[in-house]
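Everything below concerns the one structure shown next.
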Amino acid sequence: MNLAKQLLWTITHLKRREKGSSTIELAIVFPILLLLFVGAAELGRLFYTYTTLAKATKAGARYLSYSKDATSSDSATANAAKLRAQSLVVCGYEDCTGKTPIVPGLAAPGNVTVTFFTQTEGTVQVQYVTVQIQNYTYQKGVFTIAGVTGTADSVFYKALAPKTTMRYML
């Protein structure tokens, strides 16, 4: 009888033991937490990059909206003003010689387009300037959402094309 009581006690005691259960729970939950962390970090970088590019287009449009040279009848002067604005968007300075771009992958002022257009508002002709970044490919990080989920990069990473339009003030 003593052996039966001890066997019964051992079986009931084994059912109540919880050693190692937290390790198993961590093994189940950890991949999900890792995916959430990587996704949040990558989306944060993506939003940061887009916001930086949008602010750069705003700076270029603001520069051109107050520039007398931008709408000059002399095409060389107007082109020089546009080039300075494009450089301002790319590297934050009017001349990008020896400067690094504000975001990786935005290498040339050729990615920035400047357009002047006129629009009728009531009876008045108003001139606007638009600055847009084109053909910018987002530089992925080490841990990517596409890599973790096993999908193509084109599903998560679209081309970024921020654009700012401002009224020409002069």
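The values are calculated or read from the model by the stated rules, or taken from the named source; none is laboratory data. Model, not experiment: these values are computed from the prediction. Every residue, glycine among them, receives a Cβ derived from its backbone with ideal geometry; neighbour counts consider all protein chains shown.
Is it true that Thr130 is in contact (Cβ under 8 Å) with a residue 24 or more places away in the chain, touching a Ser or Thr at 6+ places or on another chain (Cβ under 7 Å) and either among the hydroxyl-bearing types (Ser, Thr, Tyr) or buried (at least 17 other Cβ atoms within 10 Å of the Cβ) (or both)? When the stated conditions are applied, Thr130 passes them.
Here is a check on your reading of the model: is Gly110 assigned to a helix (DSSP H, G or I), out of contact with any Cys (no Cβ under 6 Å at 6 or more places or on another chain) and of a type outside the set (Phe, Trp, Tyr)? So Gly110 passes the test. Residues in the range 140-156: is at least one in contact (Cβ under 8 Å) with a residue 60 or more places away in the chain, surrounded by 14 or more Cβ atoms within 10 Å (Cβ to Cβ), outside any helix (DSSP H, G or I) and in contact with a strand residue (DSSP E or B) (Cβ under 6 Å, 6 or more places away or on another chain)? Scanning the range 140-156 turns up no residue that is in contact (Cβ under 8 Å) with a residue 60 or more places away in the chain, surrounded by 14 or more Cβ atoms within 10 Å (Cβ to Cβ), outside any helix (DSSP H, G or I) and in contact with a strand residue (DSSP E or B) (Cβ under 6 Å, 6 or more places away or on another chain). Here the condition is being of a type in the set (S, T, N, Q) and either crowded, with 18+ Cβ neighbours inside 10 Å or in contact with a Ser or Thr (Cβ under 8 Å, 6 or more places away or on another chain) (or both); of Ser75, Ser87, it holds for Ser87 alone. Annotation: of all residues in the range 11-61 being basic (Lys, Arg) and within 35 Å of the chain's Cα centre (by Cα), the one that is nearest to Gly105 (Cα to Cα) is Arg45.
Scanning the range 119-139 for residues that are assigned to a strand (DSSP E or B), farther than 15 Å from Ala61 by Cβ and within 14 Å of the chain's Cα centre (by Cα) yields a total of 1. Within the range 5-20, does at least one residue satisfy the condition of being more than 30 Å from Met169 (Cβ to Cβ), touching a Cys at 6+ places or on another chain (Cβ under 7 Å) and either touching a residue at least 60 places away in the same chain (Cβ under 8 Å) or part of a loop (DSSP other than H, G, I, E, B) (or both)? No, the conditions are met nowhere in the range 5-20.
Given the criterion more than 30 Å from Phe30 (Cβ to Cβ) and modelled with pLDDT under 90, identify the matching residue among Thr52, Thr71, Thr144.
The conditions single out Thr71.
For beta carbons closer than 8 Å, sequence separation of 6+ or different chains, a first residue in the range 91-103 that is without any contact (Cβ under 8 Å) to a residue 60 or more places away in the chain and part of a loop (DSSP other than H, G, I, E, B) and a second that is of a type in the set (Val, Ile, Thr) and surrounded by fewer than 17 Cβ atoms within 10 Å (Cβ to Cβ), the qualifying pairs are Ile102/Thr52; Val103/Thr52.
Could you grab me the full set of residues in the range 114-127 that are surrounded by fewer than 16 Cβ atoms within 10 Å (Cβ to Cβ) and within 17 Å of Ala70 (Cα to Cα)?
Thr115, Phe116, Phe117, Thr118, Val126, Gln127
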